[in-house]
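A.B. asks: Sending over a structure as structure tokens; questions will come in a sec.
Quick note: the coordinates plus some simple rules give every number you see, no bench work behind them. Keep in mind that this is a model prediction, so the values were computed, not measured. So basically every Cβ, Gly included, is an ideal-geometry build from the backbone, and we count neighbours across all protein chains shown.
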Amino acid sequence: MYLGYLLRLDILVWIIAVPLVVLALFFIYVQLRNIHRQKRQLEYLAKVKGHTIEYDLVMKTMKLSVWRLDMPTLTVSFESDYRDMSNSLSLPPGTSLSVVIDHLLPEYRKDLDRGLQGFISGTLDEFHMEYKMRIPHSDRCYWGELYATVDQRDLNGNVVSIVGTTMRIDRQKEIEQALIDARNHAEESDRLKSAFLANVSHEIRTPLNAIVGFSEVLSMAKTAEERDQLVTLIKQNNAQLLRLFDDMLNMSKLEAGDEAANMASLELNKLLAEVADRFSEKATSKGLTLQTELKPVDPMPVTDRRRLSEILNQYVDNAIKFTDEGSVTLGYDVRNDSLRIWVRDTGRGIAQKDCNDHLFERFVKVDDFVPGTGLGLSICRSLALSIDGKVGIESEFGKGSCFWVDLPLK
């Protein structure tokens, strides 16, 4: 009886224990599976997180923005934007595409429309363009570059969304424009130098031939009057030839920059009288009146006497050259903290369109039929800059010109 009781008790224990063991094993299995799934999720999140860090790093380095265009609603959303936000167009999610187009300059809207139509028709999978956008709440603009590609299509092949990037390229455009300007300047300089060499060879040959020819004829002169005329012609051509070489030497010195300005107080009235006296004979030979308008100057200007004298020599020489009748006048005016010294003539004058800084560039000549190298005014500008001054012109065609140089009164 006791043995039977034990057997029944053992069976009861097994009946109770087996389900408990099964339940325990099932619970352990479920826990292990959950742990494994969580481990995989953690590995995936770690991988995604690492990708996001790299992605953000690239975005920040390139200063890019990522946007998405929803085609059914034609709305744009910026997902990441690392551009210079102070001067860039940044819109809230779900902004209408028309708002973006309104900020785009009109000449670039056709290109954007062409890209959208290409995506819709299926002829384009990728699109690239450079554009100019108005800065919000400003009249200024900035340059941008856009790359776009199809993100999703529906079962019929229609475009559902487009994803793209934009970046600022203002600095790139500045460099491109600087390179274009440098190339154009180099081409223009090359053209001007070729013209200069051709012009100089002609300018040198003309007085040199005259000197050689008149020197040979001089020995055959029969009267003192003929001899004096030939000597005068030889002297004039000598002066012209020397002037030509002086211009080229002055330009070489200025470009080399080896000689420093000798700044000192200047007796301006005395200098202008000397310049007028130097060219009086040349002016008289053309029937012109060369005069000065002198007055007291206080304080006296501090400048390089030789360089200022060279500027005035160039001005007076040109004035006499381009004036057939009337007068050439030297004078000056005090203007607040500067002194304007000018040379005014009653010559043929210069058209308003030519009265600009280009006139003071090298090898530029208003009249190609008048002897000269086109260096004189360029030398004047370089000399003026070396003594903290600036040059300019006021002229009216047919009524004369006034060339001036402004010097600071220190």
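A.B. asks: Taking H placed 1.01 Å from N in the peptide plane, check which residues at least 5 places from Lys390 or on another chain put their amide H under 5 Å from its amide H.
C.D. replies: For Lys390, whose amide H was placed from the backbone, the distant partners under 5 Å are Asp406.
A.B. asks: Right, next: Residue by residue, what Karplus-based ³J(HN,Hα) values in Hz, rounded to whole numbers, does region 114-121 have, using 6.51, -1.76 and 1.60 with θ = phi - 60° and x for Gly and Pro?
C.D. replies: 4, x, 5, 5, x, 5, 5, 7
A.B. asks: Long-range amide H contacts for Leu266: which residues qualify at under 5 Å (H placed 1.01 Å from N, peptide plane, sequence gap of 5 or more or a different chain)?
C.D. replies: The answer is Thr303.
A.B. asks: OK, next. Around Leu74, with a cut-off of 14 angstrom between Cβ atoms, what is the net charge of the other residues, counting Lys and Arg +1 and Asp and Glu -1?
C.D. replies: Net local charge, Leu74 excluded: -2.
A.B. asks: How do the peptides 393-403, 69-79 rank, highest first, by the average count of neighbouring beta carbon atoms within 10 Å per residue?
C.D. replies: Per-residue Cβ counts within 10 Å, averaged per peptide and sorted highest first, yield 393-403, 69-79.
A.B. asks: For each pair in Lys173/Lys353; Lys222/Lys321; Lys193/Lys390, compute the distance between the two Cα atoms and list the pairs where it is over 28 Å.
C.D. replies: The answer is Lys173/Lys353; Lys222/Lys321.
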